[in-house]
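No lab work stands behind these numbers, since they all come straight from the coordinates. What you see is a predicted model, and the numbers here were worked out from it, not measured in a lab. Don't worry about glycine lacking a Cβ; one is built from the backbone with ideal geometry, like all the others, and counts go over all protein chains shown.
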Amino acid sequence: MQYIRKSLLFLILILVVNVYSNANIDSSFPKDQLFALGSYYYPEQWDEVQWERDLKKMSEMGISFTHFAEFAWAMLEPEEGKFDFTWLDKAVNIAGKYGLKVILCTPSPTPPVWLSTNYPDVLIVNEYGMRLQHGRRQHASWSSDRYRKYVSRIVGLLAERYGNNPTVIGWQIDNEPGHYGALDYSENAQNKFRIWLENKYGNIDNLNRIWGNSFWSENYQNFGQIRLPNQQATPDKLVNPHAMLDMNRFMSDELASFINMQADILHGKINKNQWVTTNLIPVFNPADPVKMNKLDFTTYTRYLVTGHNSGIGEQGFRIGKPEDIGFSNDQFRNFIGNEFGVMELQPGQVNWGIFNPQPFPGAVRMWVYHVFAGGGKFVCNYRFRQPLRGSEQFHNGMILTDGVSLSPGGKEYVQIAKELKTLHKKYDESAVMPQSMAVRRTAILFDMNNYWEMEYQKVTFQWSTMGHVHKYYNKLKSIGAPVDVICEDKDFSDYPFLVAPAYQLLDSALVKRWEKYVANGGHLVLSCRTGLKNRENKLWEAPLGAPILGLCGIQSMFFDHMPDNLWGKITAPGGENFEWNNWADVIIPEDGTEVWAEYTDQFYKGNACVVHKKIGNGSVTYIGADTDDGKLERYVLERLYREAGVKTENLPYGIVKEWRDGFYIALNYTSESYDLNLPSNCEIIIGKSVLQPAEVTIWKEK
Ligand code: GAL
C-alpha cells in the first residue's frame with residue numbers, strides 16, 4: 001500500500017514537473033501559432049530618438065519579438081555597484097507598445113572595463129600564457145569565483161526587475177558561451193581543474209594509473225602539480241590523450257555549471273510564464289548542452305554563407321549546406337523537452353567570413369523554413385539594423401545603413417511573415433506523421449566525449465568526426481528518414497533504426513542496451529572506430545573492438561589508412577563498386593555473418609568491409625570504411641531499410657524533404673532546379689512543384 005502511495009506521488013510529481021517545464025514555452029509560443037519570427041535589436045547602440053521608429057517598423061514587418069541586452073553590461077552597471085536600468089525599461093516599454101515581446105539576455109559575455117581593470121583575475125589566460133584584455137567578448141573565466149559573483153549580482157537584479165514584466169517572454173543566458181576557441185589556462189581554471197580531478201579520481205595513484213602516466217615518466221606526486229594540458233607547452237604539440245579528454249570534460253562542466261548557476265538565479269526570481277535558455281554554436285568546444293540541465297530548452301545559432309564551404313554546385317557558396325541547419329534541428333530538438341528555437345540566423349552578408357558573399361536570393365527565407373520544417377518554435381534573425389560603428393560594420397541587418405530601408409534579407413522576412421498567416425490557416429493540430437515516414441524513423445547516437453577524443457587523436461590527418469557523422473546524417477536524409485540526434489539518456493526502442501557512427505568510447509552497459517535493442521527487433525548500424533576504447537579512453541586488453549565483435553558477428557578486425565591521393569577498392573555483391581581513402585576496418589566475419597561488401601585490392605583483398613548479422617527480427621550492420629563520397633554508406637543504408645521492408649526515397653544531396661504538423665516542406669540547397677513530382681491530388685500551399693535553387697515548396701497530401 002505504502003509502495004502504491006509512493007509511486008502515485010512520484011507520478012503526480014513527474015506530471016507536475018512536465019506540465020510546468022513546458023507551460024512557459026507554450027505560453028510564449030502557443031502551438032497553434034505554429035512559428036514565430038524575432039529580430040535582434042541593440043537600443044544601446046542607437047540614438048534613443050530612433051528606438052520607437054525602429055521597433056515600430058520591426059512590428060510592422062510581422063516580427064513578433066525582439067532580443068535585448070546580451071552585450072549591455074557596461075550600460076547596465078556603468079560603475080561597480082551603480083546600476084542604470086532606465087534605458088532598458090524604456091526600450092522594453094516601447095517594444096511592448098508595438099506588440100513586440102522581448103527576450104532579455106544576461107550580459108555576462110561582455111564584462112565592463114572596471115571589472116577587468118580592477119580584478120584582472122576574472123580574465124582568461126590563453127595557451128600562450130597571455131591574459132586576454134578588455135574589449136570584445138567571451139574573455140572572462142567561468143572558473144573565476146569573482147566573475148561569477150559579479151555575474152550573479154547583475155543577473156539577479158535583472159531578474160528582479162523584469163521577471164514579472166508581461167512584455168518579457170524569456171531569458172537567454174550569455175551569448176554563444178564557449179570562448180570562441182580560446183582555452184582558459186588562468187590560475188582559477190588550473191585550481192578548479194585540480195579539484196575536479198581530485199573529485200573524480202580520489203587519489204593521485206588512481207589518476208596516474210588511468211592517465212597511463214608511467215609512460216614517459218609523467219607520474220604526479222600530488223594533484224597540486226597538475227596543470228591543464230597545454231599543447232603549446234610541449235615540443236611536439238602533443239599531450240597525454242587522457243589528460244586532454246579530461247580537460248575537455250572539465251571545461252564543459254565548468255561552462256555548464258556557469259550556465260546552470262545563472263539559470264538557477266533566474267528561475268528563483270522570474271514568474272512561471274518566462275523561460276530560460278542559452279544560444280549555442282552547434283558542436284563547438286567545449287560546450288556539452290546535455291549538462292545544461294537547468295534550462296527550459298536549448299537554442300542554436302547558425303551562419304551558412306561565410307566563404308568557409310562551397311556548398312552544392314556552382315552557386316552553393318551562396319546557399320550553404322543542408323546539414324548545417326538540418327542536423328542542428330534534429331539534435332537541439334532532442335536536448336530538453338523536445339523544444340528548440342534558433343536564436344540567430346544570418347540576414348544577408350556577414351563580415352567575419354573568410355570572404356563574405358551575398359546569399360543567393362531566397363536563401364535567407366529558405367533557412368527559416370528549414371528551421372520550421374525541423375519543428376523549431378522560432379527564428380530570431382541576427383540582426384535588425386546594420387551597424388554603422390563597431391566591430392560588425394559590414395554585417396547586414398534586415399534594415400540597410402540608412403536605418404529605414406529593407407535589405408533583401410529583410411524583404412524575405414516580410415514575405416515569410418505573410419506566408420505564415422496562410423500556413424496558420426491550414427494548421428491541423430491533430431495531424432500525425434504519415435506511416436510511410438514513421439517507419440523510417442532513425443536515431444543517430446552522438447556523444448561529445450567521442451568528438452573530443454577523436455578530434456584530438458585523429459590517427460589519420462584525413463579524419464573528421466563531424467564529417468563522418470554528417471555523412472551518415474545526409475545519407476539518411478536522402479533516403480527520406482526522419483532523424484533524431486540523441487544521447488544515451490534516450491530510449492532507443494522508440495526508433496526502428498539506430499545509427500551510432502564512430503562511437504569510439506563505450507562500456508559493457510551500452511553494448512548490453514544495443515543487444516537488447518536488436519533482440520527486440522531494432523536495426524543497429526555501427527561504423528568504423530566504434531568500441532575501440534573504454535570510457536577512460538583505454539584500449540581494451542583484448543582484440544581491437546572486443547566488446548562489439550560478438551554483437552556484430554565479427555571474429556576480428558584491424559584498420560588501415562591510405563594516402564590522400566590513393567583509393568582502395570570495395571565491391572558489393574551484384575557488382576557495385578566503391579572507393580575508400582580515409583579509414584578502413586578490415587573484417588574477418590564469424591560463420592553465419594553476411595558480407596555486404598568486401599575489399600578488392602591491397603594485401604587483404606577478399607576480406608570483409610561491411611557485415612550484417614540478423615538477430616530475430618532485428619539486425620546489426622557494421623560499416624568498416626569511411627568513404628569520401630558516402631556512396632558505400634548510402635548503398636548499405638538503402639539495402640538495410642529495403643530488407644527491413646521499409647520503402648525509401650531517393651533524394652539528391654541538397655534536396656531536403658521534411659514533414660511537420662501536417663505540412664510537407666521541400667527545400668533546394670543545390671544550384672539546379674528539381675522536380676518534386678508531387679502527387680496530382682496534393683494541395684500546394686507555398687511554392688511550385690518544380691523547386692528552383694534556394695526555393696521552398698510546402699504542400700499537404702490527402
Ligand atoms: C554570432 C554572435 C553575434 C554576432 C554574429 C555576427 O556568432 O553570437 O553576437 O556577432 O555572430 O554574425
Review point. Gap in Å between the Cα centre of segment 360-392 and the Cα centre of segment 271-294?
Key: 20
Practice item. Starting from the Cα gyration tensor of segment 429-509, multiply each eigenvalue by 5, take the square root, and state the resulting semi-axes largest first in whole Å. Key: 28, 15, 9
Revision key, fill the gap. per DSSP, antiparallel bridges as share of beta bridges in the chain, % nearest 5, sits at 50
Check your understanding: Expressed as a rounded percentage, what relative contact order does segment 300-397 have, with Cα pairs under 8 Å and six or more residues apart?
Key -> 32
Exercise for review: Would you grab the residues whose amide H sits under 5 Å from the one on Arg660? Only those 5+ places off in sequence or on another chain, please, with H modelled 1.01 Å from N.
Suggested key: Ile665
Review point. At what distance in angstrom do the alpha carbon centres of segment 394-427 and segment 450-464 lie from each other?
Key: 41
Study note, to complete from the structure: The rounded separation in angstrom of the Cα centers of segment 150-178 and segment 96-122 is 9
Point to revise | Set of lysines with alpha-carbon distance to Lys614 below 18 Å, sequence-local pairs under 8 removed | key: Lys512, Lys516
Check your understanding: In terms of the Cα gyration tensor, with a ≥ b ≥ c the square roots of its eigenvalues, is the chain rounded because a/c is under 1.5, prolate because a/b exceeds b/c, or oblate?
Key -> oblate
Exercise for review: Quickly rank 75-81, 669-675 as a protection proxy: mean count of other C-beta atoms within 10 Å, highest first.
Suggested key: 669-675, 75-81
Check your understanding: Can you give the calculated 222 nm mean residue ellipticity of the chain, where each DSSP H run of n ≥ 4 adds -39,500 (n - 2.57) and the sum is split over every residue, rounded to the nearest 500 deg cm²/dmol?
Key -> -10500 deg cm²/dmol
Exercise for review: Add +1 for every Lys or Arg and -1 for every Asp or Glu among the other residues with Cβ under 12 Å from the Cβ of Phe360, and state the total.
Suggested key: -1
Review point. Taking a ≥ b ≥ c as the square roots of the eigenvalues of the Cα gyration tensor of segment 266-377, is the shape rounded (a/c under 1.5), prolate (a/b larger than b/c) or oblate?
Key: prolate
Study note, to complete from the structure: Env charge @ Gly99, Cβ radius under 14 Å, K,R +1 / D,E -1, value +2
Check your understanding: Can you give the Rg and Dmax of segment 549-679 based on its C-alpha atoms, in angstrom?
Key -> 17.6, 54
Review point. Under the classification rounded if a/c is under 1.5, otherwise prolate if a/b is larger than b/c and oblate if not, where does segment 371-477 fall, given a ≥ b ≥ c as square roots of the Cα gyration tensor eigenvalues?
Key: oblate
Review point. Counting only complete DSSP H runs, which helices of the chain cover 24 Å or more along their long axis at the Cα atoms and score a mean Kyte-Doolittle of 0.5 or above?
Key: 2-28
Point to revise | Cross-link pairs beyond the 30 Å C-alpha cut-off, checked among Lys31/Lys702; Lys149/Lys237; Lys490/Lys569; Lys418/Lys700 | key: Lys149/Lys237; Lys490/Lys569
Check your understanding: Which of Met247, Met454 comes first, and how do the rest follow, when ranked by fewest Cβ neighbours within 10 Å?
Key -> Met454, Met247
Revision key, fill the gap. Relative contact order as a percentage, the chain, C-alpha pairs under 8 Å and 6+ apart, gives 10
Revision key, fill the gap. Assertion target for Phe355, Phe394, Phe317, Phe85, ordered by fewest C-beta neighbours within 10 angstrom first, is Phe355, Phe394, Phe85, Phe317
Revision key, fill the gap. The exposure ranking of Tyr473, Tyr162, Tyr622, Tyr427, fewest beta-carbon neighbours within 10 Å first, is Tyr427, Tyr162, Tyr473, Tyr622
